Amino acid sequence: MSSNTSGHLVDRRSSGLGLAAIALAATLWAIAAIVASNLLQGGISPFELTTSRAVIAAGGLAIVSRVVQSSPRRMNWRVLLLGLSLAMVTATYYIAISRLSVAVAIVIQYTAPAIVVAIEALKQRRVPPLTTITAVMGAIAGVILLSGLGTDELQIDALGLMAAGLSALFFCSCTLLSESVVDTYGAIGVMYRAFLISSLFWVAFQFSQGFPTAIFLPENRVDVLFVGIGGTLIPFCLMCWGIQQVRAERGAIAATLEPVIAAVLAWLWLGQTLSILQMTGGILVITAVASLQIHQAIRNHQANLNG
C-alpha cells in the first residue's frame with residue numbers, strides 16, 4: 001500500500017471519528033436540554049441552573065486546560081465579552097425552554113448561523129449571494145412557522161419567544177468573539193476563560209438572590225451534575241476535538257443534529273409534540289443552516305484551490 005493511500009485512509013478515519021464526536025456532542029446537548037427542562041419545571045430557576053452549569057464547566061475545563069497546557073496569556077476585552085455573552089446565551093436559552101417546547105426553543109436558537117452570515121456581509125459591505133439570501137429567508141420563514149404565528153397553534157408567550165431570539169443573538173456573539181480569540185488562546189483555553197467569566201458573573205448574581213437550595217436537593221443533584229458535565233463540559237470538549245479533525249463547516253452541519261434529536265427526545269420523554277406546520281418550520285431552519293455551511297465549505301475549498 002502506498003504512503004498516499006495510507007494517508008488518505010488515516011484522514012478518512014480521523015474525519016469519521018471527528019464527525020462521530022460532533023454527533024455525540026449534539027446528542028448530549030439534546031439530552032441535557034430535556035433534563036434541564038425537567039429541572040426548570042421542577043422549580044429550579046433558569047438563573048440557578050445557569051450558575052451551576054457554568055461553575056461545573058469552568059471547574060472541569062480548568063483541569064482539562066492544565067492537561068493540554070493551553071496558552072497562559074492573560075484575558076483581553078474580547079474574552080471578557082465572550083464570557084458575558086456565554087453567560088447570557090445560557091440564561092436566555094433556559095428561560096426559553098422553560099416557557100416553550102424544547103424543540104421550538106432550540107430551532108430558534110439555531111437561526112444564529114444565518115444571523116452570523118448577515119453580519120459578516122454587512123461588515124464586508126457586500127450583497128450576500130443568492131444562496132445565502134434564500135437560506136436566511138428560509139430560516140426566518142421556518143421560525144415563523146415554528147412559533148405558530150397566524151395559526152391556531154400559537155400557544156407560546158411573548159417572553160419565551162423573545163428569550164429564544166435573544167439566545168440566538170448571544171449565540172452569534174459567542175461565535176464571532178470566539179473566532180477572534182481562538183488563535184491566541186486555543187479552543188480549550190478560550191472555553192475555559194469564557195466559562196470562568198460566566199461562572200463568576202452568575203455566582204455574583206446569585207449572592208444577591210440568596211442561596212440556591214433547589215440545586216442541592218437530593219432529587220436534583222444527579223440531573224444538575226449531568227447538565228454541567230454531560231451537557232456542557234464533555235460535549236464542548238468533543239465538539240472542540242471533532243472540529244480539529246474535520247473542517248469547521250462540516251462540524252457545524254453535524255451539530256444541526258441537535259434540534260432533530262431534541263425534538264424526538266422531547267416527544268418520547270416529555271410528550272411534547274409539534275404540528276405539521278411547526279415540523280415544516282423546523283425542517284426549513286435546519287435545511288437553511290446546513291445549506292449555508294455547505295455553501296461556505298465549497299467557497300473555502302475553491303479559495304484553497306485558487307491559492
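Want the number for residue 277 to residue 68: 0.36 nm per residue separation, take away the alpha-carbon distance, what's left?
Numbers: separation 209, 0.36 × 209 = 75.24 nm, distance 4.66 nm.
Extending this stretch completely gives an extra 70.6 nm.
At full extension, residue 119 and residue 216 could sit 30.8 nm farther apart than now, given 0.36 nm per residue minus the alpha carbon distance.
The phi torsions of the stretch 88-101, fed into the Karplus equation with coefficients 6.51, -1.76 and 1.60 and a -60° offset, translate into couplings of 7, 5, 5, 5, 5, 5, 5, 4, 4, 6, 7, 10, 10, 5 Hz, rounded to whole numbers, with Gly and Pro shown as x.
By how many nm would the segment from residue 204 to residue 183 lengthen if fully extended, with 0.36 nm per residue of separation less the alpha-carbon distance? Before the final figure, lay out the partial values.
On the way: separation 21, 0.36 × 21 = 7.56 nm, distance 2.99 nm.
My answer for the length gained is 4.6 nm.
Every read-out reported here was derived from the displayed coordinates using simple, explicitly stated rules and does not represent laboratory data. Values in this document were obtained by computation on a predicted structure and should not be read as measured data.
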